[in-house]
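The values are calculated or read from the model by the stated rules, or taken from the named source; none is laboratory data. If you're wondering where the values come from, they're calculated on a predicted model, not measured in any experiment. Counting neighbours? That spans all protein chains shown, and the Cβs are built from the backbone with ideal geometry, glycine included.
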Ligand SMILES: Cc1cc2nc3c(=O)[nH]c(=O)nc-3n(C[C@H](O)[C@H](O)[C@H](O)COP(=O)(O)OP(=O)(O)OC[C@H]3O[C@@H](n4cnc5c(N)ncnc54)[C@H](O)[C@@H]3O)c2cc1C
């Protein structure tokens, strides 16, 4: 992807992301990791930079950027803090969901405050019993009067500490499988909702992963965003973009890995010469560089196909699978090359390594990408 492919708004969004990453995120990410918490202020600051309405149409106050530009924005943010970047991906997807699927009332009610970072969004699909088989969710939404009653529990929800508006996926008819799944817009302070504490994890705390318990949560019929029959499809509609985005985030992580390791190898010596002249280390860094290039090509190729065809499940799965594995292996190599100091928080490598591991679960695990790729392979050879 070259700059001329992007329009002026998209170039401005990327420049804003670079400024936000090198300024605000760079100043705070390490502290957030040590405190195991990202403050709510991040959404306000991101909104000021235009990063809360990336996918919303300009006539509704957003930037309306395309998939390739979105990937580049997320690559730039992840270069400094992938967990914070993913938190913004979830928020932006929610805002786009409202913009695209919402009733005029929902758009008027929620959109301006979401664009301003005053209402934070969250996507509640995964449940404690499992996330890969998303059609098997058991959180129920049963009709009652002129509304619904929701019961169940959601797990591994990004933005749990800050979310104000929950995009809850629930089963309206257990006999209907994926066709019974609908999506509801539920304010997080609705009676019956318990916000569970964010998880104690390996790292990447800015993502704010946690859960919500829903006990007899009563919502009106106006809370229904996507009805049964379309809810599961809506949940999966943006999945190719999300997977390509995670791949681009891994590009940012690998760039950060090389930018940390290479200066160190060139300035530190062992056995009478710079580490950068030791062939074993040279080859390791050369492999990371190759991975970086391959991840970038796969990610932006998936974006190009999504922009051309509207969807690109196989390309997005290849990109996500390859990039998350390459980022984890590449960051591990960079950390090893830096020596024991790589374990310290003052080098961002430990935080980036945790982020690369998280990336292997987000928006479908590596194994689920293989399911998608295998399906495409079988189809290709059956035809
Ligand atoms: C940091 C973080 C943030 C997240 N944010 C959100 C969010 O905002 N909203 C949300 O809804 N979810 C979110 N998730 C959940 C994520 O989507 C799930 O973790 C993911 O879908 C996998 O589900 P699981 O962890 O329950 O693993 P399981 O589904 O229990 O799977 C366990 C293992 O079995 C493997 N497996 C499953 N099926 C197959 C198969 N058919 N073939 C081979 N192997 C298989 C999986 O790959 C995995 O390795 C987040 C996860 C993380 C780590």
Being surrounded by fewer than 16 Cβ atoms within 10 Å (Cβ to Cβ), assigned by TED's automatic domain parsing to the domain that holds residue 198, free of Cβ contacts under 8 Å to residues at least 12 places away in the same chain and closer than 23 Å to residue 358 by Cβ, is that true of even one residue in the range 123-131? yes
Which listed residue is touching a strand residue (DSSP E or B) at 6+ places or on another chain (Cβ under 8 Å), more than 12 Å from the ligand (Cβ to nearest atom) and under 29 Å from residue 371 (Cα atoms), from 171, 106: 171
So which residues in the range 109-118 are touching a residue at least 12 places away in the same chain (Cβ under 8 Å) and out of contact with any strand residue (DSSP E or B) (no Cβ under 8 Å at 6 or more places or on another chain), if there are any at all? 111, 112, 115, 116, 117, 118
Does residue 70 satisfy being within 20 Å of the chain's Cα centre (by Cα), away from the ligand (no atom under 15 Å from the Cβ), in a helix (DSSP H, G or I) and not assigned by TED's automatic domain parsing to the domain that holds residue 179? yes
When (1) in contact with a helix residue (DSSP H, G or I) (Cβ under 7 Å, 6 or more places away or on another chain); (2) not in a helix (DSSP H, G or I) are applied to residue 39, the one that fails is (1)
Taking residue 296 as meeting all but one of (1) buried (at least 16 other Cβ atoms within 10 Å of the Cβ); (2) within 16 Å of the ligand (Cβ to nearest atom); (3) in a helix (DSSP H, G or I), write down the number of the exception. (2)
Expected single match for in a helix (DSSP H, G or I), within 13 Å of the ligand (Cβ to nearest atom), in contact with a helix residue (DSSP H, G or I) (Cβ under 9 Å, 6 or more places away or on another chain) and under 30 Å from residue 297 (Cβ atoms) among 86, 123 is 86
Does the range 328-344 contain at least one residue that is more than 16 Å from the ligand (Cβ to nearest atom), in contact with a strand residue (DSSP E or B) (Cβ under 7 Å, 6 or more places away or on another chain) and part of a helix (DSSP H, G or I)? no
Condition set in a loop (DSSP other than H, G, I, E, B) and under 21 Å from residue 130 (Cα atoms), scope the range 345-383, selection farthest from the ligand (Cβ to nearest atom): answer is 360
Tell me, yes or no, whether the range 231-241 has at least one residue that is buried (at least 16 other Cβ atoms within 10 Å of the Cβ), part of a loop (DSSP other than H, G, I, E, B) and at pLDDT below 95. yes
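Kindly indicate whether residue 333 is buried (at least 24 other Cβ atoms within 10 Å of the Cβ), touching a helix residue (DSSP H, G or I) at 6+ places or on another chain (Cβ under 6 Å) and at pLDDT 95 or above. I'd like the intermediate steps shown before the answer.
On the way: buried (at least 24 other Cβ atoms within 10 Å of the Cβ): no; touching a helix residue (DSSP H, G or I) at 6+ places or on another chain (Cβ under 6 Å): yes; at pLDDT 95 or above: yes.
No; evaluated as a whole, the condition is false for this residue.
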Some residue of the range 35-49 being at pLDDT 95 or above and under 26 Å from residue 330 (Cβ atoms): yes
Would you check if residue 166 is buried (at least 17 other Cβ atoms within 10 Å of the Cβ), away from the ligand (no atom under 16 Å from the Cβ) and closer than 20 Å to residue 238 by Cβ? no
Inspect all residues belonging to the range 72-90 and state whether any of them is crowded, with 16+ Cβ neighbours inside 10 Å and touching a strand residue (DSSP E or B) at 6+ places or on another chain (Cβ under 9 Å). yes
Checklist (1) within 13 Å of residue 53 (Cα to Cα); (2) in contact with a helix residue (DSSP H, G or I) (Cβ under 9 Å, 6 or more places away or on another chain); (3) modelled with pLDDT under 95 applied to residue 105, failing item: (1)
Spot the failing condition for residue 211; the list is (1) within 15 Å of the ligand (Cβ to nearest atom); (2) more than 22 Å from residue 117 (Cβ to Cβ); (3) modelled with pLDDT of 95 or more; (4) in a helix (DSSP H, G or I), and only one is missed. (4)
For a quick check of your reading of the model, give me the residue pairs whose first member lies in the range 357-383 and is closer than 19 Å to residue 299 by Cα and touching a residue at least 12 places away in the same chain (Cβ under 8 Å), whose second is near the ligand (Cβ under 9 Å from one of its atoms) and not in a helix (DSSP H, G or I), with beta-carbon atoms closer than 6 Å and at least 6 apart or on different chains. 358/204; 366/360; 368/132
Residues of the range 126-144 satisfying the condition of being in a strand (DSSP E or B) and within 12 Å of the ligand (Cβ to nearest atom): 127, 130
How many residues are within 13 Å of the ligand (Cβ to nearest atom) and more than 19 Å from the chain's Cα centre (by Cα) if we restrict to the range 145-163? 2
Would you check if there is a residue in the range 263-278 being assigned by TED's automatic domain parsing to the domain that holds residue 366, assigned to a helix (DSSP H, G or I) and under 30 Å from residue 171 (Cβ atoms)? no
